[in-house]
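*Asks:* Below are the structure tokens for one structure; questions will follow.
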């Protein structure tokens, strides 16, 4: 089989296909023929040498993917041949709160990811994809959608009638808009690009606010009759957290999920105290989160937004496209 491997050092210049033996499943394992992968900013950070944890070659990159089950071990009970499944980004975090042991293994770095024609994993470390999704759509779920779900319904509890503000148009942002709307919330989407306004409404944003200037919190306050939002999902980081705090109600929650503008976050502590705000740092969730979101997606027929798809051989072009930013939804790689 063909697998893509960082050799010598972690750099896109060293990422190349190699031939490996096709895996055979152990008693509790399944083999997936990978059909699609999706890129996350962590994949780009790893490739550029800016990740927060040590990652060493040789390494098969990319954490998110979906594949067809083509072989199962003798004791496998959770999957059958022919089903579409997604490996867990955190294969040891099944449920409950995170622990160092549950978070030690991470696909795509420091452990091998899914950029290979075949992947063999324990049956407990995968989730069946919603039946209405195809492989490229299902590949968008393991990090982005799970992170949005874990933030909204584990770190917080979004209730009908509440107001949720979501910044950006990437995979986490679109998933957060869809999940919050499905929970009965009013969703205010904030974007710098006017051309995305109608598309944001098409994925269930109630209102769209242009955030090119620093005045978008004022607009949010006007839309909420001066009360502020119950929840803000901030994927920008850096100084954006200050604006998110300004837009939240007294006792509200700001989910700090991304660092598109920089990993050094700054905000006025007095302003945070005045808002009695809770700032929660978002992370990917556990398998039970993933299973819960697949049920919600099936019930509401939700589909991830895919901005652009590339053949897996064009990975360099896909990484460059991701790095330029400004996309709507996910960037996907597909196998033939």
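We did not get these values from a lab; they are worked out from the coordinates using the rules stated. None of these values were measured; they are calculated from a predicted model. Here the Cβ positions follow ideal geometry from the backbone for every residue, glycine too, while neighbour counts run over all protein chains shown.
*Asks:* Where does the stretch 10-58 land on Rg(C-alpha)/(2.2 N^0.38 Å)? Walk me through the numbers on the way to the answer.
*Replies:* On the way: Rg = 14.3 Å, N = 49, 2.2 N^0.38 = 9.7 Å.
Rounded to two decimals, the normalised Rg is 1.48.
*Asks:* Moving on to the next point. Rank these for me by crowding, 196, 216, going from fewest to most other beta carbons within 10 Å.
*Replies:* Values: 196 19, 216 23.
Least to most surrounded, the residues fall as 196, 216.
*Asks:* Under the classification rounded if a/c is under 1.5, otherwise prolate if a/b is larger than b/c and oblate if not, where does the chain fall, given a ≥ b ≥ c as square roots of the Cα gyration tensor eigenvalues? Numbers along the way, then the final one.
*Replies:* Values: a/c = 1.90, a/b = 1.65, b/c = 1.15.
Prolate.
*Asks:* Related question: For 271, 43, 92, what ranking results if the residue with the fewest other Cβ atoms within 10 Å of its Cβ goes first? Don't skip to the answer; put the middle values down first.
*Replies:* Numbers: 271 12, 43 26, 92 17.
Ascending Cβ contact count within 10 Å gives the list 271, 92, 43.
*Asks:* If you take the square roots of the eigenvalues of the alpha-carbon gyration tensor of the stretch 246-331 and sort them as a ≥ b ≥ c, do you get rounded (a/c under 1.5), prolate (a/b over b/c) or oblate?
*Replies:* Details: a/c = 2.76, a/b = 1.46, b/c = 1.89.
Oblate, because a/c is 1.5 or more while a/b does not exceed b/c.
*Asks:* Pairing the Cα long axis of helix 287-300 with the longest principal axis of the chain, what angle in degrees results, from 0 to 90 and rounded to the nearest 10?
*Replies:* 70 degrees
*Asks:* Still on this structure, I have one more. Among rounded, prolate and oblate, which fits the stretch 146-281 when a ≥ b ≥ c are the square roots of the eigenvalues of its C-alpha gyration tensor, a/c under 1.5 means rounded, and a/b larger than b/c means prolate? Don't skip to the answer; put the middle values down first.
*Replies:* On the way: a/c = 1.26, a/b = 1.18, b/c = 1.06.
Verdict is rounded for the stretch 146-281.
*Asks:* Who wins for biggest fluctuation among 174, 121, 245 in a Gaussian network model of the chain, springs between alpha carbons below 10 Å?
*Replies:* It is 121.
*Asks:* Taking neighbour Cβ counts within 10 Å as the exposure measure, how do 302, 12, 32 sort from fewest upward?
*Replies:* On the way: 302 23, 12 15, 32 27.
Fewest to most other Cβ atoms nearby, the residues stand as 12, 302, 32.
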